[in-house]
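The values are calculated or read from the model by the stated rules, or taken from the named source; none is laboratory data. Here the structure is a predicted model, which is why all the values come from computation and not from measurement. So basically every Cβ, Gly included, is an ideal-geometry build from the backbone, and we count neighbours across all protein chains shown.
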Amino acid sequence: MASDETPLRQANAELYRALNARDLDAMSTLWAQESWAECVHPGWPALRGWESIRKSWQAIFRSPNRLAVTVSDVHVRQLDTTALVTCVERIKSQQENFLDTTLAQTINVFVRRDDAWKLVHHQASRLPTTTPLAVPESDSIN
């Protein structure tokens, strides 16, 4: 890991700390509060604009369902004042007596603002729970 990746890895880790702590203030600090910011939670339509994104986090944090999200396979790509952080989220959710675990491939896009990395795009897409079937070499399914 190059030392210049450290602030981005820390910003990405802060996202998950805020999520797991249900801390809307911390989440708000992480995001660039722009009208063009975007967020796609697993299974949700795209949310555009900070106000819609903030309301989504507020709803998630107020939900009685508990979430615990850990990340792995973190990769950082910095392009001047923009950076992409990809990772795999392991999302554990508890609803009453039911525990569910989901994996999501995630991309977080950050921009450099006032010596801090701010999130402008978060997209998490559920990964299949089983290995996809191999595609046959011919056009026939027989």
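Filtering region 66-79 to residues that are more than 13 Å from Leu103 (Cβ to Cβ), surrounded by 12 or more Cβ atoms within 10 Å (Cβ to Cβ) and either of a type in the set (Val, Ile, Thr) or over 17 Å from the mean Cα position of the chain (by Cα) (or both) leaves Val74, Val76, Gln78. The residues in region 47-90 that are aliphatic (A, V, I, L, M), farther than 19 Å from Ala104 by Cα and either outside any strand (DSSP E or B) or at pLDDT 95 or above (or both) can be counted, and the count is 2.
Going by what's in this entry, would Ala11 be described as hydrophobic (A, V, I, L, M, F, W, C) and surrounded by fewer than 17 Cβ atoms within 10 Å (Cβ to Cβ)? Answer is no for this residue. The set of residues from region 54-68 being hydroxyl-bearing (Ser, Thr, Tyr) and within 13 Å of Ser93 (Cβ to Cβ) comprises just one member, Ser63. Applying the set (1) farther than 18 Å from Leu84 by Cα; (2) in contact (Cβ under 8 Å) with a residue 24 or more places away in the chain to Glu38 leaves exactly one unmet item: (1). Checked against the criterion of being of a type in the set (Phe, Trp, Tyr), closer than 13 Å to Leu119 by Cβ and in contact (Cβ under 8 Å) with a residue 24 or more places away in the chain, region 3-17 has at least one qualifying residue. Of all residues in region 37-59, those satisfying the criterion of being touching a helix residue (DSSP H, G or I) at 6+ places or on another chain (Cβ under 9 Å) and surrounded by fewer than 16 Cβ atoms within 10 Å (Cβ to Cβ) are Trp44, Gln58. Taking residues in region 98-119 that are among the acidic types (Asp, Glu), and partners anywhere that are in a strand (DSSP E or B) and surrounded by 15 or more Cβ atoms within 10 Å (Cβ to Cβ), the pairs with Cβ atoms closer than 8 Å and at least 6 places apart or on different chains are Asp100/Ser93. Looking only at region 1-46, filter to residues that are closer than 16 Å to Ser63 by Cβ and part of a loop (DSSP other than H, G, I, E, B); which one of those is nearest to the chain's Cα centre (by Cα)? Checking each candidate, the answer is His41.
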